[in-house]
Amino acid sequence: MSEETNELKYFEGKYIERDIYLNTIIALIEHKEIQLEVGITLNVGGAIISGIAISRKKYLEGIVNAVSGKDSSVAKLFGEIYGNFLEMEEDSEEETAAPPDYNFIHLKNVQIFGVNQEPISLNGNYWRGKLSAVDGYTIGNMEL
């Protein structure tokens, strides 16, 4: 490891290097008493992804709310599946086990910036990405 701010974690069958500062931010976002939401801009494989970092629970709630009331059978099924994920999330909050090891980051109000491209706004939608794929980050949203 090249810097003291990184650590190795085993994830998906391999060891990955992870930034402990970014992991700490995720831990604060996921902490049920703090419930931090913070603007963040990520560099992921050459793309710039900017939005508000939110907890896994708020991500699931947002997905369920986005598809609730839709008429299509696919939207209803999708809402039901994510509703089940949300229930499992709420059940796991009641356990007193050690805090989970965070492998994903969740964003809302996402904009994606490609090289020499106009930003793609996801119109208030949600984004989920692997922490191991983040090449760099800054606190704050990127705007043009």
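Report whether or not Gly46 is out of contact with any Phe, Trp or Tyr (no Cβ under 8 Å at 6 or more places or on another chain), on the phi > 0 side of the Ramachandran plot and at pLDDT 85 or above. Talk me through it step by step, then tell me what you get.
On the way: out of contact with any Phe, Trp or Tyr (no Cβ under 8 Å at 6 or more places or on another chain): yes; on the phi > 0 side of the Ramachandran plot: yes; at pLDDT 85 or above: yes.
Judged against the criteria, Gly46 is a match.
Does segment 19-48 hold any residues that are among the β-branched types (Val, Ile, Thr) and either assigned to a helix (DSSP H, G or I) or free of Cβ contacts under 8 Å to residues at least 24 places away in the same chain (or both), and which are they? Working first, answer last.
Filtering segment 19-48 for residues among the β-branched types (Val, Ile, Thr) gives 20, 24-26, 29, 34, 38, 40-41, 44, 48.
Matches in segment 19-48: Ile20, Thr24, Ile25, Ile26, Ile29, Ile34.
Conditions (1) closer than 19 Å to Ile29 by Cβ; (2) within 12 Å of the chain's Cα centre (by Cα); (3) without any contact (Cβ under 8 Å) to a residue 40 or more places away in the chain; (4) not in a strand (DSSP E or B), marked per residue:
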{"position": "Ser50", "(1), (2), (3), (4)": "yes, yes, no, no"}
{"position": "Ala53", "(1), (2), (3), (4)": "yes, yes, no, no"}
{"position": "Tyr59", "(1), (2), (3), (4)": "yes, yes, no, yes"}
{"position": "Ile63", "(1), (2), (3), (4)": "yes, no, no, yes"}
{"position": "Leu77", "(1), (2), (3), (4)": "no, no, yes, yes"}
{"position": "Gly83", "(1), (2), (3), (4)": "no, no, yes, yes"}
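The values are calculated or read from the model by the stated rules, or taken from the named source; none is laboratory data. Because the structure is predicted, anything quoted here is derived from the model rather than measured. In this analysis, Cβ positions are derived from the backbone assuming ideal geometry, glycine residues included, and neighbour counts consider all displayed protein chains.
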